[in-house]
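Right, one structure below, let's go through it.
The values are calculated or read from the model by the stated rules, or taken from the named source; none is laboratory data. Remember, it's a predicted structure, so these values are computed and weren't measured experimentally. Note that we place each Cβ from the backbone using ideal geometry, even for glycine, and neighbour counts take in every protein chain shown.
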Amino acid sequence: MFCGWKTIFIVFVMALCSCVPAAQEVKSEAHQADVHYKLAMAHLQADNPTLALKELLEAVKQDPENSSIQVALAQTYQIKKAYPQAESHYLKALELDKNEPRFQNNLASLYLEMEEWDKAIDYFSLAAENLLFVNAHVAVAGKSYAYFKKKDFATALTYANESLEISPRYASAYYLKSEIYHEIGDIDQEKFCLQRAIDVAPQFLSARYQLAILLLQENSVAEAAAQLKIITDVSPTTEIGHKANNILKTLPDY
(Lines give C-alpha, C1' and ligand atoms only; values in the text may rest on other atoms or scores of the structure.)
Protein backbone atom coordinates (compact mmCIF):
# COMPACT_ATOMS: atom_id res chain seq x y z
CA MET A 1 0.00 0.00 0.00
CA PHE A 2 1.36 3.40 -0.88
CA CYS A 3 2.50 5.80 1.68
CA GLY A 4 -0.45 8.16 1.69
CA TRP A 5 -2.63 5.78 3.95
CA LYS A 6 -1.66 6.35 7.55
CA THR A 7 -4.24 6.13 10.38
CA ILE A 8 -4.81 9.58 11.92
CA PHE A 9 -6.05 9.82 15.48
CA ILE A 10 -8.07 12.97 16.08
CA VAL A 11 -8.58 14.05 19.66
CA PHE A 12 -11.93 15.71 20.25
CA VAL A 13 -12.71 17.92 23.27
CA MET A 14 -15.80 16.54 24.94
CA ALA A 15 -18.40 19.04 26.11
CA LEU A 16 -19.33 18.76 29.79
CA CYS A 17 -22.93 18.37 30.83
CA SER A 18 -24.57 21.25 32.66
CA CYS A 19 -24.11 21.11 36.40
CA VAL A 20 -27.57 20.19 37.62
CA PRO A 21 -28.03 17.52 40.32
CA ALA A 22 -29.96 15.11 38.10
CA ALA A 23 -27.11 15.04 35.59
CA GLN A 24 -24.26 14.40 38.02
CA GLU A 25 -24.05 10.66 37.28
CA VAL A 26 -24.10 11.26 33.53
CA LYS A 27 -21.48 13.99 33.90
CA SER A 28 -19.28 11.71 36.00
CA GLU A 29 -19.50 8.91 33.45
CA ALA A 30 -18.66 11.28 30.61
CA HIS A 31 -15.74 12.66 32.63
CA GLN A 32 -14.39 9.18 33.35
CA ALA A 33 -14.76 8.24 29.69
CA ASP A 34 -12.83 11.37 28.73
CA VAL A 35 -10.02 10.47 31.13
CA HIS A 36 -9.70 6.98 29.66
CA TYR A 37 -9.92 8.40 26.15
CA LYS A 38 -7.11 10.88 26.73
CA LEU A 39 -4.94 8.19 28.31
CA ALA A 40 -5.58 6.04 25.24
CA MET A 41 -4.48 8.86 22.94
CA ALA A 42 -1.25 9.19 24.93
CA HIS A 43 -0.62 5.45 24.60
CA LEU A 44 -1.22 5.63 20.85
CA GLN A 45 1.25 8.49 20.52
CA ALA A 46 3.73 6.31 22.42
CA ASP A 47 3.08 3.51 19.92
CA ASN A 48 1.40 1.25 22.47
CA PRO A 49 -1.96 0.24 20.97
CA THR A 50 -2.47 -2.55 23.51
CA LEU A 51 -2.62 -0.15 26.46
CA ALA A 52 -4.66 2.24 24.33
CA LEU A 53 -7.17 -0.52 23.66
CA LYS A 54 -7.48 -1.23 27.38
CA GLU A 55 -8.31 2.43 28.08
CA LEU A 56 -10.73 2.73 25.19
CA LEU A 57 -12.66 -0.35 26.25
CA GLU A 58 -13.19 1.36 29.60
CA ALA A 59 -14.10 4.63 27.88
CA VAL A 60 -16.74 3.02 25.68
CA LYS A 61 -18.34 1.37 28.70
CA GLN A 62 -18.77 4.79 30.29
CA ASP A 63 -19.89 6.63 27.15
CA PRO A 64 -20.98 4.24 24.38
CA GLU A 65 -22.78 7.00 22.44
CA ASN A 66 -19.63 9.05 21.94
CA SER A 67 -18.61 8.82 18.29
CA SER A 68 -15.05 10.00 18.97
CA ILE A 69 -14.48 7.11 21.36
CA GLN A 70 -16.07 4.67 18.94
CA VAL A 71 -13.84 5.74 16.06
CA ALA A 72 -10.69 5.76 18.22
CA LEU A 73 -11.56 2.24 19.31
CA ALA A 74 -12.04 1.26 15.69
CA GLN A 75 -8.68 2.75 14.71
CA THR A 76 -6.93 0.95 17.54
CA TYR A 77 -8.46 -2.37 16.51
CA GLN A 78 -7.34 -1.57 12.97
CA ILE A 79 -3.75 -1.05 14.13
CA LYS A 80 -3.92 -4.44 15.84
CA LYS A 81 -5.40 -5.94 12.65
CA ALA A 82 -8.59 -6.96 14.43
CA TYR A 83 -10.59 -6.00 11.36
CA PRO A 84 -14.10 -7.26 12.23
CA GLN A 85 -14.02 -5.34 15.52
CA ALA A 86 -12.65 -2.25 13.78
CA GLU A 87 -15.42 -2.38 11.19
CA SER A 88 -18.07 -2.74 13.87
CA HIS A 89 -16.93 0.35 15.75
CA TYR A 90 -16.48 2.47 12.63
CA LEU A 91 -20.05 1.61 11.66
CA LYS A 92 -21.22 2.49 15.18
CA ALA A 93 -19.42 5.85 14.94
CA LEU A 94 -21.15 6.52 11.63
CA GLU A 95 -24.49 5.52 13.12
CA LEU A 96 -23.94 8.17 15.80
CA ASP A 97 -22.56 10.78 13.40
CA LYS A 98 -23.97 9.81 10.01
CA ASN A 99 -22.41 12.44 7.78
CA GLU A 100 -18.92 12.66 9.26
CA PRO A 101 -16.57 12.32 6.26
CA ARG A 102 -13.51 11.63 8.39
CA PHE A 103 -15.16 8.48 9.72
CA GLN A 104 -16.21 7.47 6.21
CA ASN A 105 -12.64 7.96 5.02
CA ASN A 106 -11.27 5.93 7.92
CA LEU A 107 -13.71 3.10 7.28
CA ALA A 108 -12.72 3.13 3.62
CA SER A 109 -9.06 2.84 4.62
CA LEU A 110 -9.97 -0.19 6.72
CA TYR A 111 -11.64 -1.79 3.71
CA LEU A 112 -8.43 -1.22 1.76
CA GLU A 113 -6.55 -3.21 4.38
CA MET A 114 -9.24 -5.88 4.22
CA GLU A 115 -8.98 -5.88 0.41
CA GLU A 116 -12.68 -5.10 0.16
CA TRP A 117 -12.12 -2.81 -2.82
CA ASP A 118 -15.75 -2.06 -3.71
CA LYS A 119 -16.67 -1.18 -0.13
CA ALA A 120 -13.61 1.06 0.05
CA ILE A 121 -14.68 2.85 -3.13
CA ASP A 122 -18.19 3.39 -1.76
CA TYR A 123 -17.01 5.02 1.48
CA PHE A 124 -14.22 7.02 -0.14
CA SER A 125 -16.88 8.37 -2.52
CA LEU A 126 -19.11 9.43 0.36
CA ALA A 127 -16.22 11.22 2.04
CA ALA A 128 -14.98 12.88 -1.16
CA GLU A 129 -18.43 14.15 -2.09
CA ASN A 130 -18.88 15.90 1.25
CA LEU A 131 -18.12 19.57 0.60
CA LEU A 132 -17.07 20.06 4.22
CA PHE A 133 -14.33 17.41 4.10
CA VAL A 134 -11.01 19.22 4.10
CA ASN A 135 -9.08 16.16 2.89
CA ALA A 136 -11.17 15.28 -0.14
CA HIS A 137 -7.99 14.72 -2.15
CA VAL A 138 -7.04 11.86 0.19
CA ALA A 139 -10.40 10.16 -0.31
CA VAL A 140 -10.18 10.56 -4.09
CA ALA A 141 -6.68 9.08 -4.07
CA GLY A 142 -8.08 6.24 -1.97
CA LYS A 143 -10.61 5.53 -4.70
CA SER A 144 -7.77 5.56 -7.20
CA TYR A 145 -5.84 3.01 -5.17
CA ALA A 146 -8.86 0.72 -4.86
CA TYR A 147 -9.37 0.78 -8.64
CA PHE A 148 -5.64 0.17 -9.06
CA LYS A 149 -5.93 -2.96 -6.93
CA LYS A 150 -8.91 -4.01 -9.06
CA LYS A 151 -6.56 -3.63 -12.07
CA ASP A 152 -8.82 -0.98 -13.57
CA PHE A 153 -5.84 1.21 -14.40
CA ALA A 154 -7.68 3.74 -16.57
CA THR A 155 -10.14 4.57 -13.79
CA ALA A 156 -7.35 4.56 -11.22
CA LEU A 157 -5.44 7.12 -13.28
CA THR A 158 -8.53 9.29 -13.64
CA TYR A 159 -9.00 9.50 -9.87
CA ALA A 160 -5.28 10.01 -9.19
CA ASN A 161 -5.39 13.00 -11.53
CA GLU A 162 -8.56 14.27 -9.83
CA SER A 163 -6.81 14.07 -6.48
CA LEU A 164 -3.97 16.19 -7.84
CA GLU A 165 -6.41 18.70 -9.28
CA ILE A 166 -7.73 19.21 -5.75
CA SER A 167 -4.29 19.22 -4.13
CA PRO A 168 -1.43 19.63 -6.63
CA ARG A 169 1.23 19.03 -3.97
CA TYR A 170 -0.14 15.72 -2.71
CA ALA A 171 2.97 13.57 -3.15
CA SER A 172 1.22 10.25 -2.50
CA ALA A 173 -0.97 10.77 -5.56
CA TYR A 174 2.10 11.24 -7.73
CA TYR A 175 3.56 8.07 -6.26
CA LEU A 176 0.33 6.23 -6.95
CA LYS A 177 0.41 7.46 -10.54
CA SER A 178 3.94 6.07 -10.83
CA GLU A 179 2.64 2.67 -9.71
CA ILE A 180 -0.14 2.81 -12.28
CA TYR A 181 2.28 3.72 -15.07
CA HIS A 182 4.60 0.94 -13.93
CA GLU A 183 1.80 -1.59 -14.34
CA ILE A 184 0.91 -0.37 -17.82
CA GLY A 185 4.56 -0.24 -18.88
CA ASP A 186 5.01 3.51 -19.36
CA ILE A 187 8.45 3.91 -17.78
CA ASP A 188 8.92 7.54 -18.85
CA GLN A 189 5.72 8.60 -17.11
CA GLU A 190 6.60 6.44 -14.10
CA LYS A 191 9.92 8.29 -13.74
CA PHE A 192 8.25 11.67 -14.24
CA CYS A 193 5.70 10.98 -11.48
CA LEU A 194 8.36 9.75 -9.08
CA GLN A 195 10.37 12.90 -9.70
CA ARG A 196 7.28 15.05 -9.10
CA ALA A 197 6.65 13.22 -5.82
CA ILE A 198 10.23 14.00 -4.78
CA ASP A 199 9.94 17.62 -5.90
CA VAL A 200 6.95 18.28 -3.66
CA ALA A 201 8.11 16.01 -0.80
CA PRO A 202 11.93 15.70 -0.70
CA GLN A 203 11.71 13.36 2.31
CA PHE A 204 9.60 10.88 0.34
CA LEU A 205 12.24 8.14 0.47
CA SER A 206 10.15 5.42 -1.17
CA ALA A 207 9.88 7.58 -4.27
CA ARG A 208 13.63 8.20 -4.26
CA TYR A 209 14.33 4.48 -3.90
CA GLN A 210 12.03 3.49 -6.75
CA LEU A 211 13.47 6.23 -8.96
CA ALA A 212 16.96 4.92 -8.20
CA ILE A 213 15.93 1.42 -9.28
CA LEU A 214 14.63 2.77 -12.59
CA LEU A 215 17.81 4.78 -13.14
CA LEU A 216 19.93 1.69 -12.51
CA GLN A 217 17.89 -0.21 -15.06
CA GLU A 218 18.82 2.52 -17.55
CA ASN A 219 22.48 2.31 -16.46
CA SER A 220 22.31 5.87 -15.11
CA VAL A 221 24.54 4.83 -12.23
CA ALA A 222 25.63 8.25 -11.00
CA GLU A 223 22.05 9.58 -10.84
CA ALA A 224 20.84 6.45 -9.09
CA ALA A 225 23.69 6.63 -6.58
CA ALA A 226 22.80 10.23 -5.80
CA GLN A 227 19.24 9.21 -4.88
CA LEU A 228 20.44 6.26 -2.81
CA LYS A 229 22.97 8.42 -0.99
CA ILE A 230 20.24 10.85 0.04
CA ILE A 231 18.27 7.93 1.48
CA THR A 232 21.23 6.64 3.49
CA ASP A 233 22.01 10.15 4.75
CA VAL A 234 18.45 10.85 5.83
CA SER A 235 17.45 7.46 7.19
CA PRO A 236 20.48 5.16 7.60
CA THR A 237 19.03 2.76 10.18
CA THR A 238 15.65 2.07 8.59
CA GLU A 239 14.80 -0.81 6.28
CA ILE A 240 14.84 1.42 3.21
CA GLY A 241 18.13 2.93 4.38
CA HIS A 242 19.72 -0.51 4.66
CA LYS A 243 18.40 -1.49 1.22
CA ALA A 244 19.81 1.67 -0.32
CA ASN A 245 23.17 1.13 1.37
CA ASN A 246 23.36 -2.47 0.18
CA ILE A 247 22.83 -1.34 -3.41
CA LEU A 248 25.41 1.43 -3.06
CA LYS A 249 28.00 -1.15 -1.98
CA THR A 250 27.56 -2.96 -5.29
CA LEU A 251 28.14 0.14 -7.43
CA PRO A 252 31.57 1.00 -8.80
CA ASP A 253 33.31 4.02 -7.22
CA TYR A 254 30.66 4.40 -4.48
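Applying the criterion of being touching a residue at least 24 places away in the same chain (Cβ under 8 Å) and not hydrophobic (A, V, I, L, M, F, W, C) to the residues of the range 169-180, the residue that is surrounded by the most Cβ atoms within 10 Å (Cβ to Cβ) is 178. Do we have residue 105 as modelled with pLDDT of 95 or more, surrounded by 21 or more Cβ atoms within 10 Å (Cβ to Cβ) and of a type outside the set (Lys, Arg) here? So residue 105 passes the test. Inside the range 136-151, residues that are more than 20 Å from residue 100 (Cα to Cα) and either buried (at least 17 other Cβ atoms within 10 Å of the Cβ) or touching a Phe, Trp or Tyr at 6+ places or on another chain (Cβ under 7 Å) (or both) make up a count of 7.
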